[in-house]
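The values are calculated or read from the model by the stated rules, or taken from the named source; none is laboratory data. It should be emphasised that the depicted structure is a prediction, and the values quoted were computed from it without experimental measurement. All accessible areas refer to the heavy atoms of the entire protein, side chains included, with ligands and DNA or RNA removed. Shrake-Rupley method; radii C 1.70, N 1.55, O 1.52, S 1.80 Å.
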Amino acid sequence: MTEPLVVRYRPEARADFARRSTQERVSRGRAAIGLSVLVALLVLVPFVVVNATQGFEAVSLLLLLVLVPLPLLAWWGRERLRAAPAVLDEVAFVVGDDEIRFAEQPSAAATMQAVPAESWPTAGTTAQVRPSAALGEHLELHSADGRRRAYPTEMLELPAPEVAAQVTERAQR
């Protein structure tokens, strides 16, 4: 039995991920609160002006229906501002002789869900370093049953070609 291969995220990558996660969360929260205030003002000012100049009409109450979802939007924005930022674990994944254990991969974007922690057998797993316009160069792992995980190479402490070679070697045993 060989020593497991522990693939860690670089500390700078973890710090950058936390920074991006915080920026995205705060900007969405501020935008939601700002939008709710702006729409409220754009609806209330004309409502008051029309009712003050022409007298109250029951039909003008329909305009106020636009205000119904605004408190929910402001509440959501406040929750975004209060929410804790997503944090990467120190370890990305561990390759053992029998299985590969993956840590949860949170998303820096609030609109995307985290990829849950999981494990799959080492046997039949393929690993390769691939270029991509969207991800940049990344380490891609494929299980025998079609599952896939991808990690940007600049985020990993170990060189990606070395990790791919060791995963392939262990998968062929």
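Per the 1.4 Å probe, what fraction of the accessible area of the stretch 1-59, in percent, lies on carbon and sulfur atoms? Display every interim value, and only then the final one.
Numbers: 2620 of 3910 Å².
Reported share for carbon and sulfur atoms: 67 percent.
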Revision key, fill the gap. With Cα springs under 10 Å, the Gaussian network model of the chain assigns the largest mean-square fluctuation among Q113, Q23, Q54 to Q54
**Study point:** the stretch 32-173, accessible area per residue, ligands and nucleic acids excluded (1.4 Å, Å²)
**Key:** 59 Å²
Exercise for review: Given the options L70, L139, L61, state which has the largest fluctuation in a GNM of the chain using a 10 Å cut-off (strictly under) for Cα springs.
Suggested key: L61
Review point. What is the Cα convex hull volume of the chain when expressed per residue in Å³?
Key: 142 Å³
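Quick check on the stretch 1-86: what does the Kirkwood estimate of hydrodynamic radius come out to from the alpha carbon pairs, in Å? Please report the intermediate quantities before stating the final value.
Working: mean 1/r = 0.0609 Å⁻¹.
One over the average 1/r among Cα pairs gives 16.4 Å for the stretch 1-86.
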Exercise for review: Just read off the accessible area of R10 with the full protein assembly in place, 1.4 Å probe, to the nearest 10 Å².
Suggested key: 80 Å²
**Study point:** Among R149, R25, R80: highest mean-square fluctuation, GNM of the chain, C-alpha pairs under 10 Å
**Key:** R149
